[in-house]
Amino acid sequence: MPLLYDPLYIVLTLVGLGLTLWAQGLVKIRFSRYSRIGVRSGMSGAEAAAAVCRAGRVPDVRIERHGGFLSDHYDPRTRTLRLSPDVYDGRSISAVAVAAHEAGHSIQHAVGYAPLGFRSAMVPVTNIGARLWMLPFVLGMFLANAPAGSALMKLGVLLFAIVVLFQLVTLPVEINASRRAKAVLAQTGIVGTSEEARGVEQVLDAAALTYVAAAAAAVLQLISLVLRTTRRD
């Protein structure tokens with residue numbers, strides 16, 4: 001039976017997709033809500049990111065405007081913080097929260113936070129796994145009566161397991177970056193009121209849920225692939 005017609009695969013994939021869409025919707029709602037509330041310090045996201053980097057003793061990070069909505073990320077290869085326009089120029093709770101979170105990654109890099117280094121090292125092989133896993137798996141299903149069929153399916157599972165491992169390693173990296181961001185924002189006074197602190201918490205917690213949902217969806221898909229391979233054997 002082709003993979004896309006497997007009921008178990010379809011059910012687990014839909015559950016994972018539902019979790020992912022819910023988490024993405026929540027982060028958009030909260031970002032939109034708190035993007036309408038300014039911070040008392042008057043700082044833009046770019047200024048807040050720079051202040052967090054200084055407080056974390058990471059002065060040599062470049063901060064650039066980057067196209068897209070919530071496309072913010074830190075590139076450890078070039079020590080560059082790339083912030084989306086709404087975050088780079090925004091002077092809201094949302095802008096400051098997201099910018100500080102990305103600056104938290106630069107602090108992780110500076111102190112040698114091991115999970116960040118491991119995740120960065122995994123990127124090339126994860127990209128290969130994400131692009132190629134389905135080819136051997138589906139080919140193995142069509143070669144059900146051939147000895148090579150089982151081996152191909154297991155190769156596909158192994159490649160996809162690398163993707164799942166990357167998602168799982170990402171969780172502590174993102175949670176730790178948010179924790180560092182919240183601490184520095186409070187210590188430096190960039191976030192000075194309880195309402196601002198609550199808003200930062202809401203935005204960053206919603207963002208963290210997107211990574212939890214992505215990891216859960218990947219694990220569910222891996223389970224379905226393993227069960228399919230087991231049934232084949």
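The values are calculated or read from the model by the stated rules, or taken from the named source; none is laboratory data. Note that the structure is a prediction, hence the values are computed from the model and not measured. For neighbour counting, all protein chains shown are included, and Cβ atoms are generated from backbone atoms with ideal geometry for every residue, glycine included. SASA here: full protein model, heavy atoms, side chains in, ligands and nucleic acids out. Shrake-Rupley method; radii C 1.70, N 1.55, O 1.52, S 1.80 Å.
Some values worked out for this structure:
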quantity	calculated
Theoretical ellipticity at 222 nm over the chain - DSSP helices of four or more residues, -39500 (n - 2.57) apiece, nearest 500	-25500 deg cm²/dmol
Along principal axes, Cα extents of the chain, largest first, whole Å	68, 32, 26
Angle in degrees between helix 7-34 and the longest Cα principal axis of the chain, rounded to the nearest 10	10 degrees
Degrees between helix 147-188 axis and first principal axis of the chain (Cα, 0 to 90, nearest 10)	10 degrees
Under the Karplus curve 6.51 cos²θ - 1.76 cosθ + 1.60, θ = phi - 60°, whole-Hz ³J(HN,Hα) for the range 111-119, x wherever Gly or Pro sits	8, x, 5, 4, x, 5, x, 5, 4
Environment charge at I175 (Cβ cut-off 12 Å; Lys +1, Arg +1, Asp -1, Glu -1)	+1
FRET efficiency for L17 and E201, using Cβ-Cβ distance with R0 set to 35 Å, rounded to 0.05	0.80
Solvent exposure of the chain as accessible area per residue, Å², 1.4 Å probe	49 Å²
For D89, net neighbour charge (Lys/Arg +1, Asp/Glu -1) across residues whose Cβ lies under 11 Å away	0
Net dipole in debye of the chain [+1 Lys, Arg Cβ; -1 Asp, Glu Cβ; about Cα centre; nearest 20]	140 debye
³J(HN,Hα) computed for each position of the range 68-78 - Karplus, 6.51 cos²θ - 1.76 cosθ + 1.60, integer Hz, glycine/proline x	x, 9, 6, 9, 5, 6, 10, 9, x, 5, 10
D (Stokes-Einstein, µm²/s), Kirkwood Cα radius, the range 1-105, 1.002 mPa s at 20 °C	140 µm²/s
Distant-in-sequence amide H partners of I63 (H built 1.01 Å from N, under 5 Å)	L81
Only Lys, Arg (+1) and Asp, Glu (-1) charged, at Cβ; the range 96-211 dipole about Cα centre in debye	380 debye
Full-stretch length increase - Q24, V138 - with 0.36 nm per residue and alpha-carbon distance subtracted	38.1 nm
Summed residue charge, Cβ within 13 Å of I107's Cβ, Lys/Arg positive, Asp/Glu negative	+4
Isotropic mean projected area of the C-alpha convex hull, the range 116-200 (nm²)	7.4 nm²
Dipole-positive endmost among Y88, T126, H66 within the range 55-130 (Cβ charges, Cα centre)	T126
Cα long-axis angle, helix 194-232 against the chain (0 to 90 degrees, to the nearest 10)	10 degrees
Gap separating the Cα centres of the range 58-127 and the range 177-233, nearest whole Å	15 Å
